[in-house]
Structure formats: C-alpha cells, structure tokens
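Visitor: Below you will find the structure I want to go over with you.
FYI, it's all coordinate maths here, none of it is from the lab. The model shown is predicted, which means the values in this text are computed figures rather than measured ones. Here the Cβ positions follow ideal geometry from the backbone for every residue, glycine too, while neighbour counts run over all protein chains shown.
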Ligand code: HEM
Ligand code: HEM
C-alpha cells in the first residue's frame, strides 16, 4: 500500500520545487507559450487582414497583463538561484550540470528580453499600448525610430531563440524523465 504524501512545502527544498516555484514555472510557461503561439501565427501564418490585426491586439493585451507576473517569475527564480535556494541540479557534475544551469539561465534571460522589448517597440514607434479598446497605456518615451527598429529586431530574433531554448529544455526534461517532472510537478514528499 502506498503511504500518504505530506503537504507540498511553500518554498523550495534541496530536492524539489516548492509551491511558489511551481506556480511560477507552470504559470510562466503557459503565458510564454500562449504569447509565442499567437506571435508566430500572426507573424508567419496569417495573411494581412482583420484576423491578423485582431491577433496582434490580443498579443499586446495579454502581454500587458502578463508583464508583471512574468517579471516577478524571473526575479523569483534568479533570486532563488543566487541565494542557493534552488533545488540542486539533476545533471552530474561537469559540462552537463553547467549546460543545465546555463539553459535555465538563458530561458529566463531571453524571456526578460521579450517582455521588455515588446512594450518598448510599441512606445518607441510613437504609439500607446492599446489594450483591446478597454484602455491605453501612454508612452513614457519620445518616438524613436532607431530604438523602434532595434527593439523590433531583438523581439523577433529573441522569439526564435526562445523557441530553440524551449525545444532543448523539453529534450532535457524528457532525458531526466520522472525525476525532473516529479520535483516540478509531483505530489508531496512520500511519508
Ligand atoms: C513572453 C513574452 C513574449 C513573447 C514570447 C512574444 C512573442 C512574439 C513573437 C513570436 C512575435 C513575432 C515576431 C516575428 O517573427 O516578427 C512578436 C511580435 C510582437 N510582439 Fe511579442 N512577445 C512577447 C511579449 C510581448 C509584449 C509584452 C508585448 C507588448 C506589450 C509584445 C508586442 C509585440 C508586438 C507589437 C509585435 C510585432 C507586431 C507587428 O509586427 O506588427 N510582445 N512577439
Ligand atoms: C510544457 C512545457 C514545459 C515542461 C514540460 C517543462 C518542464 C520542466 C521541468 C520538469 C523542470 C524541472 C527541472 C529540474 O528538476 O530542475 C523545469 C524547470 C524550468 N523550466 Fe520548464 N518546462 C516547460 C516549459 C518551460 C518554459 C516555456 C520555460 C520558459 C520560458 C521554462 C523554463 C524553466 C526554467 C527557467 C526552469 C528552472 C526552474 C524554474 O525557474 O522554474 N519551462 N521545466
């Protein structure tokens, strides 16, 4: 008979992620994948027209609401990594452990790039952020064509890099198998 699981701790343990980190990871992953899918479909799949315009409007609106949660998610993990609160890496010591840590760090860095360049691209183009006609967020900066071009380029290149990193991340998660899923999605500690 299997023993009952003890409640999941709120904070990370050396061998598993706590409730807050799991909420941050899965909530962040859901928001990120939603933004990626909408962005890729609008940019590369749909022809110019009202449907594409509507999808961009949703991309910007979800981006506005996701801004604070995504930045909070990033800060939460970086703080955990720096303070040594993060669970120990699963990979054996050596290049594999370095690659695991670098991969997670790169995911967070590119995510931050996306979240910051998104609104900057709109504002530097001389527009407010339109949130589905509900409200606008006026630009705090002057129109700046050079900045608009650079942030647009970084946002587009960043999105391709993010896709590549997520694919590598999924391969890593599959390679670690149950052990990785268990500590990010498993139930409490078996008593
Ligand atoms: C998780 C964060 C985000 C992801 C993954 C993401 C993803 C994408 C992708 C894949 C594209 C298409 C790039 C291309 O190939 O041209 C795009 C474009 C764009 N994104 Fe984001 N984005 C994010 C955050 C944001 C935010 C926060 C905003 C603004 C509030 C924003 C505004 C835009 C705009 C205005 C475009 C260009 C639209 C156009 O070309 O007319 N994005 N994004
Ligand atoms: C549905 C797709 C995903 C799956 C199945 C998945 C799976 C996992 C698993 C199992 C871990 C724990 C690894 C360990 O034990 O140390 C993990 C950690 C991590 N994942 Fe994902 N992941 C997904 C999507 C994402 C996305 C979209 C991002 C970022 C944009 C991301 C960023 C991270 C980061 C930075 C970590 C390190 C811990 C943390 O910061 O939360 N993951 N992922």
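Visitor: What is the distance in Å between the Cα centroid of the range 69-117 and that of the range 27-62?
Guide: Distance between centres, Cα-based: 25 Å.
Visitor: Moving on. Any idea how far apart residue 81 and residue 137 come out in nm if each label point goes 7 Å out from Cα toward Cβ?
Guide: 2.4
Visitor: While we're on this one: For the residue pair residue 58 and residue 127, what label-to-label distance in nm results when each label sits 7 Å from Cα along the Cα-to-beta-carbon direction?
Guide: For the pair residue 58/residue 127, the computed spacing is 1.7 nm.
Visitor: Right, something else. Hey, what did the range 1-105 get for relative contact order, percent, Cα under 8 Å, at least 6 apart?
Guide: Relative contact order, the range 1-105: 30 percent.
Visitor: Next question. Based only on other Cβ atoms within 10 Å, what is the fewest-to-most ordering of 134, 76?
Guide: Going from sparsest to densest Cβ surroundings: 134, 76.
Visitor: Identify which of 24, 138, 156 has the largest mean-square fluctuation in a Gaussian network model of the chain, with springs joining Cα atoms closer than 10 Å.
Guide: Greatest mean-square fluctuation among the candidates belongs to 138.
Visitor: Apply the Debye scattering formula to the chain, with a single equal point scatterer on each alpha-carbon and no solvent, then give log10 I(q)/I(0) at q = 0.11, 0.13 Å⁻¹.
Guide: Debye curve over Cα of the chain, log10 I(q)/I(0) at q = 0.11, 0.13 Å⁻¹: -0.59, -0.78.
Visitor: By how many nm would the segment from residue 19 to residue 187 lengthen if fully extended, with 0.36 nm per residue of separation less the alpha-carbon distance?
Guide: The residue 19-residue 187 span can extend by a further 59.5 nm.
Visitor: Order by neighbour count: 58, 95, fewest other Cβ atoms within 10 Å first, most last.
Guide: 95, 58
Visitor: Looking only at the range 67-91, which residues have a backbone nitrogen under 17 Å from a spot 7 Å from the Cα of residue 116 in the C-beta direction?
Guide: So the set is 67-79.
Visitor: Counting pairs of alpha carbon atoms under 8 Å apart in space and at least six apart in sequence, what relative contact order in percent does the chain give?
Guide: 29
Visitor: Set the Förster distance to 30 Å, then compute FRET efficiency between residue 99 and residue 51 from the Cβ-Cβ distance, nearest 0.05.
Guide: For residue 99 and residue 51, the calculated efficiency is 0.15.
Visitor: Report the gain in length on full extension from residue 33 to residue 150: 0.36 nm times residue separation, minus Cα-Cα distance, nm rounded to one decimal.
Guide: Taking 0.36 nm per residue and subtracting the Cα distance, the gain is 39.8 nm.
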